[in-house]
Structure formats: C-alpha cells, structure tokens
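Here's the structure, in structure tokens; my notes come after.
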Amino acid sequence: MAFAISILLFLTAIVETRIGKQAQLDSELKSENTTRVMSFNIRYGTAKDGENHWSKRKDFLIETIEAFGPDLLGTQETLLDQRDFIASKLSGYDSFGVGRDDGKETGEMAALFYRTTRFEKVAGGHFWLSQNPDTVGSKGWDAALPRIATWVKLRDRVNDQAKPLLFLNTHFDHQGQQARKESAKLIRKKILELGADCDIVITGDFNAGADSDVYRALFADEAEKASPVVDTFAVADPKPVGDQGTFSGFKSTATSGPRIDWIGCSRGFHVQAAAIDRTERDGRTPSDHFPVTAILK
C-alpha cells in the first residue's frame, strides 16, 4: 500500500512539474510577445547520401530544431515519413502538409509546424506553383518538377490583440528560371489574397540569391506599391559581413554561395534578429542546407 502511494505521489510530481514548465513557457510567451521562426530544407529521406543519409542524421536534425525552439517551422523536401517523424519528436506542435504529386501523401511536401500552446489553426490549404495553382500536381512554366505552397491561418492564443497570422511555406524549382520568377509573383499575389487583415510570415527554399529577379519579384516595391513582406535577414543586418551561403552540401565549411533560403514577414513586425544556423558536428551539418531563423515582435 505504501509503495502504491509513493508511486502515485511520484507521478503526481511529474505531472505538476510539466504543468509548471508549461505555465512558465506560456508566461514567457505573453511577456516577450515574440515569434520565433525557422526555415529548414531537410533533404528528402530517400536520397542516397551515404554517411549523411536521413537515418543517420535525423536525430541531429531534431536536436537542431529544438535548440532554436521555433514557434513556426517551415520544412522543405519533406517526405511523408519525415513529416511524421518530426511531428512525433517535436513535443507540442501540430503539422500540416501534403505531397506535391497527388495532394495527399505522394511526393515532397512543404510541410509546416506550429507550436500549439501559441497558435490555433483556423484555416489552411495548398496551391501549386503553376499557371493553374488549384490543379493538383500541376507543373508551371519551365519547372522541372511540380512545386507546392502550403499555408495556414493561425490565431494567437497568448496575445488577444494580435491579428490572425498567415504562415506560408514553399519550395521553388531548382532548374526553371522563369518558373522561379513567376512563382515569386504568384506567392506575392496569394499572400495579398489569403493574408488580408493578417500578419504574414513566409518560409522557403527559393533556389535563388538575394541579387536575383526572383528576390526582387517577391520583396521589391512595384508601381509605387510596397511589397507586403520584407526579407528578415536584410532587415536585421542590412550590410552583412562574411559568407551568407545557405546550401551546405552537408559540409559545415561550405558557407559561400548565395543565400537561397529566406524568411519573409509583413511590415508590421519588428525583426529582432535573423541568422543562418551553422550548427555542425565533426564538420557535418544536419541537412544539405543550413536552417535560417528569425525572431519577430
């Protein structure tokens, strides 16, 4: 009997500790009123990457995500089992994403994750980066592959005064130059439609650098109309020093090249910080892209 009571007291203490930690987190969220965002191309899990195969780096990838602790996480090249693995390992998050090939489970996803103590999903959907964005699996312009954008509209649970938040995640084509530029135009149009009266956050692998037509199509002002989003990295550090490459090829030293992974946000946010996460172990990175991060208020 005494043993049973001891076990009950022990379990009660664990529950109370977890409740206490959650209450502390909620209190910190309310007081800081910040939103932590991460974009991460995780490299599709069936690639023949040898020592860098998904099975050998997936725990490292989870630890990298947890170390930053995003409220919003956009992942690219995410296959179904990868989405489900991340969802199972990240405590306190919901996920949303479908395969680009069939709009269900086949093909890479632009899967996104959001912290449930912070946000409640009120709407969500997907569209394809093509001339027919509502056509499942459609391939646009000169793209080599079908490309998709996934979005959710979220209610802020800890800030009653906050606008709804449109969170959109995408991955532009790696070959089609026209497709990338037209995809940027489409994204810009869609966030104006979907994000009316919303704050906006965009994550993605855009396969283009900050000096490209693709970048300007998304972020530059046009015809006296300001873009609805700004590049968080450029706002946080207008004159960055050093390499800004975000494609690592699994090598921590591969920091040169263009910054092709971006986080955008609407102009109502104050960008407190933005960075390229160079986490590595023994010279290897958790994916063939460095994740990028931003802290918004």
Those residues of region 283-297 that are over 11 Å from residue 246 (Cβ atoms) and either among the β-branched types (Val, Ile, Thr) or free of Cβ contacts under 8 Å to residues at least 60 places away in the same chain (or both) come to a total of 3
Inter-residue pairs, beta-carbon under 6 Å, first in the same structural domain as residue 141 (by TED's automatic domain parsing) and without any contact (Cβ under 8 Å) to a residue 40 or more places away in the chain and in region 179-196, second crowded, with 19+ Cβ neighbours inside 10 Å and part of a helix (DSSP H, G or I), 6+ apart: 180/214; 181/214; 181/217; 184/214; 184/217; 184/218; 185/217
Name the residue that is surrounded by the most Cβ atoms within 10 Å (Cβ to Cβ), counting only residues in region 238-297 that are basic (Lys, Arg) and part of a loop (DSSP other than H, G, I, E, B). 259
Across region 266-295, the tally of residues that are over 25 Å from residue 62 (Cβ atoms) and not polar (S, T, N, Q) stands at 5
Scan region 272-287 residue by residue and report those that are more than 16 Å from the chain's Cα centre (by Cα) and of a type in the set (Val, Ile, Thr). 279, 285
What are the pairs, 6+ residues apart or on separate chains, where a residue within region 104-119 that is more than 20 Å from residue 164 (Cβ to Cβ) has its Cβ under 7 Å from a residue that is among the β-branched types (Val, Ile, Thr) and in a loop (DSSP other than H, G, I, E, B)? 104/98; 109/98
How many residues are in a loop (DSSP other than H, G, I, E, B) and in contact with a strand residue (DSSP E or B) (Cβ under 7 Å, 6 or more places away or on another chain) when one looks only at region 141-171? 6
Screening 199, 205 for residues that are touching a Gly at 6+ places or on another chain (Cβ under 7 Å), under 27 Å from residue 122 (Cβ atoms) and charged (D, E, K, R) leaves only 199
Can you pull out the residues in region 211-234 that are charged (D, E, K, R) and touching a helix residue (DSSP H, G or I) at 6+ places or on another chain (Cβ under 6 Å)? 213, 231
For region 274-291, which residues satisfy the criterion of being among the charged types (D, E, K, R) and closer than 13 Å to residue 64 by Cα? 277, 278, 280, 281, 284
Residue selected from region 199-212 under the condition not in a strand (DSSP E or B) and not charged (D, E, K, R), by the criterion surrounded by the fewest Cβ atoms within 10 Å (Cβ to Cβ): 209
Looking at the structure I just gave you, is residue 57 of a type in the set (Lys, Arg) and touching a Gly at 6+ places or on another chain (Cβ under 9 Å)? no
Can you find a residue that is at pLDDT 95 or above, over 22 Å from residue 36 (Cβ atoms) and hydrophobic (A, V, I, L, M, F, W, C) anywhere in region 222-235? no
Report, by residue number, each residue of region 119-158 that is surrounded by fewer than 22 Cβ atoms within 10 Å (Cβ to Cβ), among the basic types (Lys, Arg) and in contact with a Lys or Arg (Cβ under 7 Å, 6 or more places away or on another chain). 157
Which condition does residue 215 not pass, out of (1) more than 30 Å from residue 161 (Cβ to Cβ); (2) aromatic (Phe, Trp, Tyr); (3) in a loop (DSSP other than H, G, I, E, B), if it passes all the others? (3)
Criterion (closer than 23 Å to residue 172 by Cα, in the same structural domain as residue 50 (by TED's automatic domain parsing), in contact with a Ser or Thr (Cβ under 8 Å, 6 or more places away or on another chain) and of a type in the set (S, T, N, Q)) met by exactly one of 255, 279: 255
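The values are calculated or read from the model by the stated rules, or taken from the named source; none is laboratory data. The structure displayed is predicted, hence computed values, not measured ones. We place every Cβ from the backbone using ideal geometry, glycine too, and count neighbours over all the protein chains shown.
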